[in-house]
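Each reported figure results from applying straightforward, stated rules to the coordinates on display, with no laboratory input. Everything numeric here is computed off the predicted structure, so don't read it as measured data.
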Amino acid sequence: MITIPYFKFFEFLLIFICLPLLFVYKILSPFFIIPTLWILTFYILYITSIGNSKVIFDKIKKSDLHYVLKRFFYFACFLLIFTYLFYEDRLFNFILEKPKVFIFVLFLYPILSVIPQELIFRRFFLFRYELIFRKEALIVLNALVFAFIHIIFQNYIAVLFSLVGGYLFMKTYIESKSFTLVCIEHSLYGNFIFAVGLGEFFYHGNIT
């Protein structure tokens, strides 16, 4: 039987269940998604730094990077084919119609979105629950939670892709112990999703 301390249980409910629902039911405006990520980031930086190294970005093993890049290549091919088959009208439309904005997103997305997400869903999640769940159960739970939070975008593409992404990212983080590597991996997938034309499933409003 799994026993979770009360504080960790309520913290889990608040961050990973209640917050997404506040956005889904429009109690919080989509405008507050990024600010909320960063508020949680500062909280998590404080929590995870207590009695631990305050270093966030670490060195990457070449073998780990090579594996991540190889895996990304296969998934990138899948995303390209998927977009062509089901959303052909959107294929590369972001790059073609708004190239300057795409370049802007290419650099800001990892900073404003990927880093806080990885701090919350990988570093913090592992820090809080590593001793409670076994490795495979932890990865699956993380994938489910990561997918669930994407219900704020109210489409199945964001949820399903995030389920797969959550599994891959947590697996990478647990096996490599590298926050830098998982940020790179997440950035690659996220930016490629914007590049092929599926980015509109992962944000609210229009990118102008």
Response to the item:
Helix 33-49 sits off the longest principal axis of the Cα atoms of the chain, rounded to the nearest 10 on a 0 to 90 degree scale, by 30 degrees
Item to complete: Please work out the Cα center distance from segment 67-117 to segment 153-208, rounded to the nearest Å.
Response: 9 Å
Worksheet item: Looking only at VAL101, VAL145, VAL68, which one moves most when the chain is put into a Gaussian network model with springs between Cα atoms under 10 Å?
Response: VAL101
Item to complete: On a 0 to 90° scale, report how tilted helix 179-196 is relative to the longest principal axis of the chain, with both axes built from alpha carbons and the result rounded to the nearest 10.
Response: 30 degrees
Practice prompt. Could you work out how far helix 62-86 tilts from the main Cα principal axis of the chain, as a 0 to 90 degree angle to the nearest 10?
Written response: 50 degrees
Worksheet item: Which of the pairs LYS61/LYS171; LYS8/LYS61; LYS100/LYS171; LYS8/LYS135; LYS26/LYS98; LYS8/LYS59 have their Cα atoms more than 22 Å apart in this structure?
Response: LYS8/LYS61; LYS100/LYS171; LYS26/LYS98; LYS8/LYS59
